[in-house]
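The values are calculated or read from the model by the stated rules, or taken from the named source; none is laboratory data. These numbers were taken from a predicted model, which means no experiment stands behind them. Glycine gets a Cβ as well: all are built from the backbone with ideal geometry, and neighbour counts include every protein chain shown. Accessible surface areas use protein heavy atoms only, side chains included; no ligands, DNA or RNA. Shrake-Rupley method; radii C 1.70, N 1.55, O 1.52, S 1.80 Å.
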Amino acid sequence: MSRRFHALSAITERISELLRPAFGKTFWVRAEISSGSERGHFFCDLVESDARGSVVAKMRCQIWASELARIRASFKAAGIDLALENGTQVGIECELRWDARYGLSLVGRDMDPAFALGELELKRRRILEALERDGLFGRNARHPMPLLPNRIGLVTSRSSAAFQDFTKTL
């Protein structure tokens, strides 16, 4: 049986040819940070685990310092501290990178603050900002409160645990 050997550089060149249509295109990835390390740039593995916690996919990722600074600024504008720690779930916009010596990896271009914080928390913050902007936030605090209130309002349904707790405690 005759064996045909290929030069490794020929293999890597063929891989590059096959991946070329994907280069320069970005896409969003949902993953967990693993093995993160920040040294100006941020390097990590992005992993996906199944319900049992077993890793089903893993890929190297890097975020260049200039992109990282821009991402941190966008998170700060959304009122979020960007914590790139192992175990952190991220929604990250990526681009494929192929290098004949280092293999296939992802380059992080952006991150979604709404993914990190959760859509509900982001909406809550927007509402609070709108109330503050319109001068409505803390409006009740400007009214004097009597030492002993004459009336108490409870806003809940009669069948709720809150109603039962309140009436029993009262």
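So the values come out like this:
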quantity: Inter-label distance for residue 145 and residue 160, nm, one decimal - labels placed 7 Å from Cα along Cα-to-Cβ; calculated: 1.9 nm
quantity: Within the accessible area of the chain (1.4 Å probe), percent carbon and sulfur; calculated: 54 percent
quantity: Trypsin sites (Lys or Arg not before Pro) restricted to DSSP loop in the stretch 1-109 with at most 15 other C-beta within 10 Å; calculated: 3, 4, 25, 52, 101
quantity: Unit charges at the beta carbon, dipole of the stretch 49-170: most positive-side option, 138, 63, 80; calculated: 138
quantity: Cα shape, the stretch 121-160, gyration tensor, a/c 1.5 rule; calculated: oblate
quantity: Proximal charge balance of residue 89 [Cβ under 13 Å; K/R count +1, D/E count -1]; calculated: -3
quantity: Solvent-accessible heavy-atom area per residue, rounded to whole Å², over the stretch 46-151 at 1.4 Å; calculated: 70 Å²
quantity: Fluctuation leader among 131, 19, 148 - the chain, Gaussian network, Cα springs under 10 angstrom; calculated: 148
quantity: Most positive-pole-ward Cα, 100, 51, 26, against dipole of the chain from beta carbon charges; calculated: 51
quantity: Relative contact order (%) - criterion: Cα under 8 Å, at least six apart; region: the stretch 6-116; calculated: 30 percent
quantity: At R0 = 41 Å, FRET efficiency that the Cβ-Cβ distance of residue 137 and residue 86 yields, to 0.05; calculated: 0.65
quantity: Point-charge dipole on Cβ atoms (K/R +1, D/E -1) for the stretch 1-106, about Cα centre, debye to 20; calculated: 400 debye
quantity: 145, 59, 111, 1, reordered so the largest accessible area comes first (probe 1.4 Å); calculated: 1, 145, 59, 111
quantity: Given 14 as the ceiling on other Cβ atoms within 10 Å, longest exposed-site-free region of the chain for chymotrypsin sites (Phe, Trp or Tyr not before Pro) in DSSP loops; calculated: 24-63
quantity: Cα centroid separation, the stretch 107-170 to the stretch 41-90 (Å); calculated: 31 Å
